[in-house]
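Please read the structure below before turning to the comments.
The values are calculated or read from the model by the stated rules, or taken from the named source; none is laboratory data. Please read all numbers here as calculations on a predicted model, not as lab measurements. Every residue, glycine among them, receives a Cβ derived from its backbone with ideal geometry; neighbour counts consider all protein chains shown.
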Amino acid sequence: MRIHFFGAAEEVTGTCYLLETGSHKILIDCGIFQGGTGDMHRNHLPFPFKPGELDAVFLTHPHMDHVGRVPLLVKRGYRGPIFATAPTCDLAKLLWKDMLSVMQDMEKREHAPPLYDEHDVARAGERLEAIEYDERTEICAGAFKATFHDAGHVLGSSFIEFQVEGKTIVFSGDLGNDDVPILRPTSRLPACDALVIESTYGDRLHEDLNTRVTVLRDLVKQTAAKKGVLIIPTFAIERTQELMLTLHHLAEAKEIPRVPVFLDSPLAIEATHVYEEYTRYFNEKAQGEFLSGHQLFNLPGFVATKTVEMSKKINEVVPPKIILAGSGMMTGGRILHHLVRYLPDPRTTLLIVGYQAIGTLGRRLYEGAKMVRIHGQDIHVNAAVTSIGAWSAHADQAKLLRWVSEGEKKPEIVFVTHGERNAADTLARKFRRDMRIDAYVPKPGQAFDLHA
Ligand code: ZN
């Protein structure tokens, strides 16, 4: 059996792994490369394998860096099934539609050819097959046995266990943070011989988990007091719903004053509807609240602005106000209009709640840039820029190590992926030194043989 690392190798995006035996090939995730200069070009390159030769595709979770190139696979000849949990199937379809409209926009403005069209998205959607957690599925006449487990990262997110040629190999997907408001905790790592593990925060520890609520509470109070604007660039899936639920809890407990909250992202609004459909994937507490008639994501003063006209009206509302808008790394979307308008104002606070890839506007702001270029204009940053890692949807270094050490059995070999060089190297060193596990950071395109 051989495993190829075609993406998320020494970087965070473009996740794509191929697992092959003498007779079969399967793909785990097929995401887009995001952030770096030239990344859009990389997305257009031919796949380093023939899509028509794949037997099956498995998707760990609905984030663009894990599912974004799937319609391209179909366009280039893939005809097999695409396995994922039911929420991942629904959310992936939303993401592809959203990506398509972003690419069509870019085509108009910059004559950049889109990666795929409506037909490819529709055909990819038809190939999706929903799988439940903890149910073993046999494919390729039993050559591969696959089990999805709850990764606790976003709704329906999974790590996937494969049994192949007498070996067990687990792909972590992205692993969730601890004690999140909506999801269940990450399931225990089953006994496995080889593990492919993400390392987004492989070299960092998040703040204390209570901090995320107190920081948010204090920022809302300060924003109200100085009649400012609190801007939260948010990822449409999970971050948005967690923030809304937490704001709801704070408002109910009267810990924050009533301030209008705008959700200015059509994708996040649609994703929230998917959350409302799949409450059975929630943790007990969130399920209980939902069943007792709470409108979890509908806090006082909340406005979802789906159309462009509604979005423009946000400007007319006199501060204080809170604006949640995408994209999360500030690479596009409605957030840019709000940044142009409000970053020069010292009463504004920009709260960064997620990972910001190298090369993105979000990363420059996170690193303290005092001047940024948006929509061809130089914008002075007089706003306070603050970030809190505890709002991340990702496990930190401590959780990643704990997940492995508390697993059913120590893996023989660990491949550390989905992290920038330092994060991946640091985590790999920890596995080797502290846990005496063989750990490698695969290079892009590198392959490893796992012997039966
Ligand atoms: Zn993710």
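Considering only residues that are among the acidic types (D, E), under 15 Å from V154 (Cα atoms) and free of Cβ contacts under 8 Å to residues at least 40 places away in the same chain, which ones fall in the range 263-294?
Hit for the range 263-294 is E276, nothing else.
Say we look at the range 294-303 and pick out the residues that are part of a loop (DSSP other than H, G, I, E, B) and not polar (S, T, N, Q); which of these is surrounded by the most Cβ atoms within 10 Å (Cβ to Cβ)? Give the steps one after another, and end with the answer.
Initial filter on the range 294-303 (part of a loop (DSSP other than H, G, I, E, B)): 294-301.
With not polar (S, T, N, Q) added as a condition, the list becomes 294, 296-297, 299-301.
Working: H294: 14, L296: 21, F297: 23, L299: 20, P300: 12, G301: 14.
The selected residue is F297.
Which pairs do you get when a residue that is more than 18 Å from V259 (Cα to Cα), found in the range 295-310, comes within reach of a residue that is surrounded by 13 or more Cβ atoms within 10 Å (Cβ to Cβ) and at pLDDT 90 or above, reach meaning Cβ atoms under 7 angstrom, with the pair 6+ apart or on two chains?
K306/P266; K306/I269
Just to be sure before I move on: is T426 more than 20 Å from the chain's Cα centre (by Cα), touching a residue at least 60 places away in the same chain (Cβ under 8 Å) and not assigned by TED's automatic domain parsing to the domain that holds S172 in the structure I sent?
no
Would it be correct to say that D150 is within 16 Å of the ligand (Cβ to nearest atom) and touching a Lys or Arg at 6+ places or on another chain (Cβ under 6 Å)?
Spelling it out, D150 is indeed within 16 Å of the ligand (Cβ to nearest atom) and touching a Lys or Arg at 6+ places or on another chain (Cβ under 6 Å).
Can you tell me which residue within the range 181-228, out of those that are assigned to a loop (DSSP other than H, G, I, E, B), crowded, with 17+ Cβ neighbours inside 10 Å and among the hydrophobic types (A, V, I, L, M, F, W, C), is modelled with the lowest pLDDT?
I182
Quick check on I3: is it among the β-branched types (V, I, T), surrounded by 17 or more Cβ atoms within 10 Å (Cβ to Cβ) and under 22 Å from the mean Cα position of the chain (by Cα)?
No.
Take V416 and tell me if it is β-branched (V, I, T), within 24 Å of the chain's Cα centre (by Cα) and closer than 19 Å to T13 by Cβ.
In short, yes.
Identify all residues within the range 30-59 that are without any contact (Cβ under 8 Å) to a residue 60 or more places away in the chain, away from the ligand (no atom under 15 Å from the Cβ) and among the small types (G, A, S); write none if there are none.
If the condition is that a residue be without any contact (Cβ under 8 Å) to a residue 60 or more places away in the chain, away from the ligand (no atom under 15 Å from the Cβ) and among the small types (G, A, S), then G38, G52 are the ones that fit.
How about the range 384-423: which of its residues are among the hydrophobic types (A, V, I, L, M, F, W, C), over 26 Å from A369 (Cβ atoms), assigned to a helix (DSSP H, G or I) and more than 16 Å from the ligand (Cβ to nearest atom)?
Listed by number, the residues that qualify are A398, L401, V404.
Determine which single condition N283 fails, assuming it passes every other condition in (1) over 18 Å from S101 (Cβ atoms); (2) buried (at least 18 other Cβ atoms within 10 Å of the Cβ); (3) of a type in the set (S, T, N, Q).
(2)
How many residues, within the range 165-180, are surrounded by fewer than 21 Cβ atoms within 10 Å (Cβ to Cβ) and at negative phi?
In the first step, residues of the range 165-180 are kept if they are surrounded by fewer than 21 Cβ atoms within 10 Å (Cβ to Cβ); the result is 165-168, 178-179.
From the residues that got through so far, the ones that are at negative phi too are 167-168, 178.
The total comes to 3.
When the residues of the range 60-99 are narrowed to those that are in a loop (DSSP other than H, G, I, E, B), within 16 Å of the ligand (Cβ to nearest atom) and in contact with a Phe, Trp or Tyr (Cβ under 7 Å, 6 or more places away or on another chain), which ends up nearest to L155 (Cα to Cα)?
T85
Being polar (S, T, N, Q) and out of contact with any Leu (no Cβ under 6 Å at 6 or more places or on another chain) is the filter; apply it to the range 167-217 and report the residue that is nearest to the ligand (Cβ to nearest atom).
Top of the filtered list is T200.
Let's see how each residue does on (1) buried (at least 20 other Cβ atoms within 10 Å of the Cβ); (2) of a type in the set (V, I, T):
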{"residue": "G326", "(1), (2)": "yes, no"}
{"residue": "L336", "(1), (2)": "no, no"}
{"residue": "R341", "(1), (2)": "no, no"}
{"residue": "T348", "(1), (2)": "yes, yes"}
{"residue": "L351", "(1), (2)": "yes, no"}
{"residue": "I358", "(1), (2)": "no, yes"}
{"residue": "L365", "(1), (2)": "yes, no"}
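List pairs: first in the range 60-77 and assigned by TED's automatic domain parsing to the domain that holds S327, second polar (S, T, N, Q) and modelled with pLDDT under 95, Cβ under 9 Å, 6+ apart or cross-chain?
Once the first residue is assigned by TED's automatic domain parsing to the domain that holds S327 and sits in the range 60-77, no partner that is polar (S, T, N, Q) and modelled with pLDDT under 95 comes close enough.
Determine if the range 114-126 includes at least one residue that is away from the ligand (no atom under 16 Å from the Cβ), farther than 25 Å from R42 by Cβ, in a strand (DSSP E or B) and not assigned by TED's automatic domain parsing to the domain that holds E242.
No - not one qualifying residue is present in the range 114-126.
Among the candidates G14, G22, which residue alone is assigned to a loop (DSSP other than H, G, I, E, B), buried (at least 19 other Cβ atoms within 10 Å of the Cβ) and out of contact with any helix residue (DSSP H, G or I) (no Cβ under 6 Å at 6 or more places or on another chain)?
From the options G14, G22, the qualifying one is G14.
Would you say G156 is assigned to a loop (DSSP other than H, G, I, E, B) and either in contact with a helix residue (DSSP H, G or I) (Cβ under 6 Å, 6 or more places away or on another chain) or within 16 Å of the ligand (Cβ to nearest atom) (or both)? If you could, list the steps in order and put the result at the bottom.
Working: assigned to a loop (DSSP other than H, G, I, E, B): yes; either in contact with a helix residue (DSSP H, G or I) (Cβ under 6 Å, 6 or more places away or on another chain) or within 16 Å of the ligand (Cβ to nearest atom) (or both): yes.
So G156 fits the description; yes.
Just a yes or no: is a residue in the range 270-279 within 23 Å of E132 (Cα to Cα) and part of a loop (DSSP other than H, G, I, E, B)?
yes
Among the residues in the range 388-408, are any crowded, with 18+ Cβ neighbours inside 10 Å, in contact with a strand residue (DSSP E or B) (Cβ under 6 Å, 6 or more places away or on another chain) and in contact (Cβ under 8 Å) with a residue 12 or more places away in the chain?
no
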